[in-house]
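These notes concern the structure reproduced below.
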Amino acid sequence: MLRRLLLLSPSSLSNGFVLLRRSLPSLLSSTSIHSPFNPPSPSSLSSSSSLSSSFSFSSSSQTHTDPSSPSLNEEQQQQQQHQEIPKDQSDETLDQPSVKISIDRSSLFNPPEHSHEPSSDSELVKHLKGIIKFRGGPISVAEYMEEVLTNPKAGFYINRDVFGSEGDFITSPEVSQMFGEMIGVWTMCLWEQMGQPEKVNLIELGPGRGTLMVDLLRGSSKFEKFMKSLNIHMVECSPTLQKLQYSALKCGEEVDTGSTDEKRTVSMLGGAPVSWHATLEQVPSGLPTIIIGHEFYDALPIHQFQRASRGWCEKMVDVADNSSFRFVLSQQPTPATLYLMKRCKWATAEELAKLDQIEVCPKGMELTQAIAKRIGSDGGGALIIDYGLDGIVSDSLQAIRKHKFVDILDDPGSADLSAYVDFASIRNSAKEASEDVSIHGPITQSQLLGSLGINFRVEALMRNCTDEQAESLRNGYWQLVGDGEAPFWEGPDDKTPIGMGTRYLAMAIVNKKQGVPVPFE
């Protein structure tokens, strides 16, 4: 009604006030009146949830102002608002009393102050905060970890080379060529135990730069029958690393004359066909299979649980009042609790009683089950090498940037996240998945490489090398099989070779028909 009156022309305004007066009682009976032409001030909203506003209605045409005309000053406006209506006017201009209307503005939306300054948050940080806001609450450590490492646009592994001395961390294949060569020895030994099949799928999980596969193929190049049997499958989700692997393997395109006459990718390091897949499930099945998983499990997302007064609570990632990330505990059981219960089933009461925190890796359990089922049906085996424990893992999640440990929640996407591998969980997951496989180990990386002949290999390489190469071989050898700081080092303290021989463990999952693999006898 009020909006319609404001739109009336001056000549018809007086008629409108007669209508207003007649309908005024019904207007005043409403519990709340919102006046579009008199918005509440911020101070009035904060001072009281209900305030009194006076509206003076006048039939005089002088009170109707044209928006385009100059504004009246405050004194003129007050004079017009209190102008007395002549008594001799007709009934259409009856006296209009001053009306006091109580307006309840307590339920009106009062938006917070908004800053238009550009945010310094990265795209990944904005994405993570958006997920938390959309969910209306925190996300699991596993989901945080997965986004940080493999987000399609800004994940740590997706758009950069993170390996080697110029990257964020160094893996065993980057330390020395001898590591890949020894894995090649293990692969050929298993192939022998499998009966030297004419065709075999050789699968590497998370190949990094492709260094391990390059050293494996180069070291095995003299064994022609073995080389001709290989179909190489690289399980890699990073486009950037796929390109590095393609280059390292010296890949090219050639026509497959054996079947479809279509082009296929072939490594010039022996002529084996090479293909890439985002997941293990995408690799074709049906052929005997050898799987290498080196430092792959440690990057799989984990869920963290902490013992509280109300029982085991999942640790979650939330956004604090200052807009930074923080850890909080779940208020009720989460879906991952099912995996916690499963993991606790495999542990003793004494083992659980000592722990206040537990890490579980559902994706590691599922991956192990997929490996065991494939090996159980197609034959072959898998070698898993990683740093970890043969038992429940507590609080091991860590972030590494430029070879230094940093806060896990600091600048997501700029550091690698990894956690200790629970080898006992791998063993039990494989057993549950297939009755046709046997699980061996874990043994230390030092035991694995030593039994495969790394000592003889380093001696052979030392016979024909320069002093600089000899020093590199000694350092690399110690890092692969040693324990702690190298005792022979005479260089700067910050470059002392650190042995990974006992920190890293190796486990084999093989088809029972193959027997016990080397060197797990």
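The values are calculated or read from the model by the stated rules, or taken from the named source; none is laboratory data. The model shown is predicted, which means the values in this text are computed figures rather than measured ones. Glycine also receives a Cβ, built like all others from the backbone with ideal geometry; neighbour counts cover every protein chain displayed. When the accessible area is computed, the model is the full protein with side chains, heavy atoms only, and any ligands, DNA or RNA have been set aside. Shrake-Rupley method; radii C 1.70, N 1.55, O 1.52, S 1.80 Å.
Quick check: anything in region 381-394 under 19 Å from Tyr144 (Cβ atoms) and touching a residue at least 24 places away in the same chain (Cβ under 8 Å)? Yes, that holds for at least one residue. Taking residues in region 363-376 that are over 24 Å from Tyr420 (Cβ atoms), and partners anywhere that are part of a helix (DSSP H, G or I), the pairs with Cβ atoms closer than 9 Å and at least 6 places apart or on different chains are Lys373/Ala433; Arg374/Leu280; Ile375/Ala430; Gly376/Ala433; Gly376/Lys512. Within region 418-434, is even one residue over 30 Å from Met145 (Cβ atoms) and among the charged types (D, E, K, R)? No, that holds for no residue.
When region 505-514 is filtered for residues that are modelled with pLDDT of 95 or more and open to solvent by less than 60 Å² (accessible area, probe 1.4 Å), the ones remaining, listed by number, are Leu505, Ala506, Met507, Ala508, Ile509, Val510, Asn511. Does any residue of region 163-175 turn out to be closer than 24 Å to Asp298 by Cβ, at pLDDT below 95, more than 24 Å from the chain's Cα centre (by Cα) and open to solvent by less than 20 Å² (accessible area, probe 1.4 Å)? Yes, region 163-175 contains a residue that is closer than 24 Å to Asp298 by Cβ, at pLDDT below 95, more than 24 Å from the chain's Cα centre (by Cα) and open to solvent by less than 20 Å² (accessible area, probe 1.4 Å). When Ile408, Ile400 are screened for being under 30 Å from Ala154 (Cβ atoms), surrounded by fewer than 18 Cβ atoms within 10 Å (Cβ to Cβ), of a type in the set (Val, Ile, Thr) and out of contact with any helix residue (DSSP H, G or I) (no Cβ under 7 Å at 6 or more places or on another chain), only Ile400 passes. The residues of region 276-306 that are acidic (Asp, Glu) and touching a Ser or Thr at 6+ places or on another chain (Cβ under 8 Å), listed by number, are Glu295, Asp298. Looking only at residues of region 487-504 that are closer than 30 Å to Ala424 by Cα and out of contact with any Phe, Trp or Tyr (no Cβ under 6 Å at 6 or more places or on another chain), we find that the one that is least open to solvent (accessible area, probe 1.4 Å) is Gly501. A Cβ distance below 9 Å, combined with a sequence gap of six or more or placement on separate chains, defines the contacts here; from region 117-139, residues that are within 12 Å of Ser323 (Cα to Cα) and among the polar types (S, T, N, Q) reach residues that are at pLDDT below 95 and outside any loop (DSSP other than H, G, I, E, B) in the pairs Ser119/Val125; Ser119/Lys126.
Looking only at region 384-410, residues that are among the hydrophobic types (A, V, I, L, M, F, W, C), under 19 Å from the mean Cα position of the chain (by Cα) and assigned to a strand (DSSP E or B) come to 4 in all. Taking region 197-244, which residues are open to solvent by 10 Å² or more (accessible area, probe 1.4 Å), within 15 Å of Ala278 (Cα to Cα) and among the acidic types (Asp, Glu)? Selection gives Glu236 alone. Would you point out the residue of region 497-509, among those that are touching a helix residue (DSSP H, G or I) at 6+ places or on another chain (Cβ under 7 Å) and aliphatic (A, V, I, L, M), that is nearest to Glu485 (Cα to Cα)? Here the answer is Ile498.
Going by the structure shown, is Ile371 within 28 Å of Asn201 (Cβ to Cβ), aliphatic (A, V, I, L, M) and touching a Pro at 6+ places or on another chain (Cβ under 9 Å)? No, not satisfied. Only one entry of Gln445, Gln479 meets the criterion of being of a type outside the set (A, V, I, L, M), open to solvent by less than 80 Å² (accessible area, probe 1.4 Å) and within 30 Å of Ile375 (Cα to Cα), and that entry is Gln445. Considering region 411-425, the residues that are of a type in the set (D, E, K, R) and within 14 Å of the chain's Cα centre (by Cα) include one that is least open to solvent (accessible area, probe 1.4 Å), namely Asp416.
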